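Everything below concerns the one structure shown next.
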């Protein structure tokens, strides 16, 4: 593929750029914020170093080669000129995305593919009608240079050949494309994660369990089996008649949809907003966020390597 442009250099944009570059694509990346643009090289270098430590990066890469493969542009027009694929990875703001797609409509060639990394927004009404046949969602997960899942989602007018080409692109990156039949907010993984979050917030708000206990239940219960079986294969091993009985007995009542959580609101009000603030549900001990992200990435890579060696239970 010819050069790929990424609009938005933040948490997702720089990671997607790294994945593409390490698999032979020439990448341009731009962001309206100068500080964000300035951080891109160091963020990619740090992620590359973590991959190299784990033996998960192709041979022959260093900061200089990465700087040649990923060109940082201050302005949109030179960033997207001649690109065969433009990936939108800006803020989840509908009007900002609408304005960007209008600009891309003016600046890009007629055959340019426009892809959005949106997590929940239905971007297709925000994209000019003339671009609908070559527009889709390509949604990566954090961090995209470790988590292999990529949602490939058509809009109502997307050409099936575009979906096939982007699926093949993802496969060429060594990642796992999930092709949906149509757009639905959150796709598959995020919708399941949202359902888990709703139950977790209820357990916290009703004082049923503490954050550490909830995470222990997930890590030592759910997570041990999910990497090998997924959810539906686990049901097969449990026995579907038991699943039938559990449904019939109404043994679980899901929480009502909620738009807020008392415990979450209290933490945010205290400035306990997560790793970047040093504290969230947990106290992160005054360690620098970059150090914590590196530790997370090392552990994810070690788990990923182990899982590749173990394999999964395969049914047909």
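Of everything in the stretch 10-39 that is modelled with pLDDT under 95 and in contact with a helix residue (DSSP H, G or I) (Cβ under 8 Å, 6 or more places away or on another chain), the residue that is farthest from residue 145 (Cα to Cα) is 39. Among 196, 208, 184, which is assigned to a helix (DSSP H, G or I), out of contact with any helix residue (DSSP H, G or I) (no Cβ under 7 Å at 6 or more places or on another chain), surrounded by fewer than 15 Cβ atoms within 10 Å (Cβ to Cβ) and not assigned by TED's automatic domain parsing to the domain that holds residue 14? When all the criteria are applied, what remains is 196. Does residue 164 satisfy being farther than 22 Å from residue 193 by Cβ, part of a helix (DSSP H, G or I) and over 21 Å from the mean Cα position of the chain (by Cα)? Against the criterion (farther than 22 Å from residue 193 by Cβ, part of a helix (DSSP H, G or I) and over 21 Å from the mean Cα position of the chain (by Cα)), residue 164 does not qualify. Within the stretch 214-236, the set of residues being surrounded by 11 or more Cβ atoms within 10 Å (Cβ to Cβ) and free of Cβ contacts under 8 Å to residues at least 40 places away in the same chain comprises 214, 215, 216, 217, 218, 222, 223, 224, 225, 226, 234, 235.
Would you say residue 100 is within 26 Å of residue 125 (Cα to Cα), assigned to a helix (DSSP H, G or I) and touching a residue at least 40 places away in the same chain (Cβ under 8 Å)? The answer is yes for residue 100.
Among residues of the stretch 183-199 that are over 17 Å from residue 152 (Cα atoms), those with a Cβ under 8 angstrom from a residue that is part of a helix (DSSP H, G or I) and at pLDDT 90 or above, sequence gap 6+ or separate chain, pair up as 196/218.
Taking the stretch 263-283 as the range and being under 18 Å from residue 196 (Cβ atoms) and more than 25 Å from the chain's Cα centre (by Cα) as the test, only 263 passes.
Within the stretch 146-157, does at least one residue satisfy the condition of being within 29 Å of residue 35 (Cβ to Cβ) and not in a strand (DSSP E or B)? Scanning the stretch 146-157, I find at least one residue that is within 29 Å of residue 35 (Cβ to Cβ) and not in a strand (DSSP E or B), so the answer is yes. If the condition is being surrounded by fewer than 16 Cβ atoms within 10 Å (Cβ to Cβ) and within 15 Å of residue 166 (Cβ to Cβ), then the stretch 97-124 contributes only 111.
The values are calculated or read from the model by the stated rules, or taken from the named source; none is laboratory data. This structure is a prediction, so every number in the text was calculated from the model and none was measured. As a convention, Cβ positions derive from the backbone with ideal geometry for all residues, glycine included, and neighbour counts pool all protein chains shown.
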